[in-house]
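The values are calculated or read from the model by the stated rules, or taken from the named source; none is laboratory data. Keep in mind it's a predicted model, so treat the numbers as computed, not measured. No Cβ is skipped: glycine too gets one built from the backbone with ideal geometry, and neighbour counts run over all protein chains shown.
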Ligand code: MN
């Protein structure tokens, strides 16, 4: 029987390696996945450059972005981006926050990113968020839960939000959809910048966007692209090692064991998290 949890953790690390290899993530940025069996939790690597993250680096957090189990790991300061989006959007199962240079000119200038080629349709209507509007001068990091919640509000029912003078946050219904959307949003931004240098930019019509996005987000397309990016990661020698895959089952087993100890009801589960937090 397939192990949904182990598969999700392994795929999270693969998605992270893909997005690093495709130059979306560098020293910074992060990807997370919602717990496949418990929508009130998500997994994200500990504080380190995403390309270096292993399955053993994954931590399980509540939607308040608190560790489910006590951990000595340092966590990303911007983890609330993920928790607050999962809270606001039950349909979202994977989130990526990045500072890719392909999109930064748009985050800096406020120029709208529009779908300029067919695969750009999957980014949806790109939203803007300016931390300054609600929070004034900050260190530009989305650290407080209210900052994450504000970003989630700006995302609204959409899939991509540009963060002024900072970066972007992308959501998906799965890790594969998220990876597809994130890579092609960066491609679209790069192409739009080049087309703008040539002169007038023509964009897809709303009808083309709707039809194309529906077609491209079907598994035959997202899986085909995923397999291609996995091959690129393999060629770069960056695939998580088999030993790391073993680690997935260990991490999953540890999470399962802890789950089994927790009482099954929601309120009891909440109390259990609280008591752990008090330690
Ligand atoms: Mn950031």
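Taking residue 114, is it in contact (Cβ under 8 Å) with a residue 60 or more places away in the chain, away from the ligand (no atom under 16 Å from the Cβ), buried (at least 23 other Cβ atoms within 10 Å of the Cβ) and over 14 Å from the mean Cα position of the chain (by Cα)? So residue 114 fails the test.
The conditions of being under 15 Å from the mean Cα position of the chain (by Cα) and either free of Cβ contacts under 8 Å to residues at least 12 places away in the same chain or away from the ligand (no atom under 16 Å from the Cβ) (or both) are met by residue 10. Within the range 128-151, being away from the ligand (no atom under 15 Å from the Cβ) and either within 15 Å of residue 92 (Cα to Cα) or part of a loop (DSSP other than H, G, I, E, B) (or both) holds for 136, 137, 149. Checked against (1) closer than 22 Å to residue 4 by Cα; (2) away from the ligand (no atom under 16 Å from the Cβ); (3) touching a strand residue (DSSP E or B) at 6+ places or on another chain (Cβ under 9 Å), residue 45 passes all but condition (2).
Taking the range 171-230 as the range and being touching a strand residue (DSSP E or B) at 6+ places or on another chain (Cβ under 7 Å) and not in a helix (DSSP H, G or I) as the test, the residues that pass are 171, 172, 174.
The test for being within 16 Å of the ligand (Cβ to nearest atom), under 30 Å from residue 135 (Cβ atoms) and in contact (Cβ under 8 Å) with a residue 40 or more places away in the chain does not hold for residue 181.
Of 155, 151, 178, all but one fail to be surrounded by 14 or more Cβ atoms within 10 Å (Cβ to Cβ), at pLDDT 95 or above and closer than 19 Å to residue 229 by Cβ; the exception is 178. Looking only at residues in the range 48-66 that are without any contact (Cβ under 8 Å) to a residue 40 or more places away in the chain and away from the ligand (no atom under 16 Å from the Cβ), which one is surrounded by the most Cβ atoms within 10 Å (Cβ to Cβ)? Checking each candidate, the answer is 61. Among the residues of the range 77-99, the one identified as within 16 Å of the ligand (Cβ to nearest atom) and more than 13 Å from the chain's Cα centre (by Cα) is 77.
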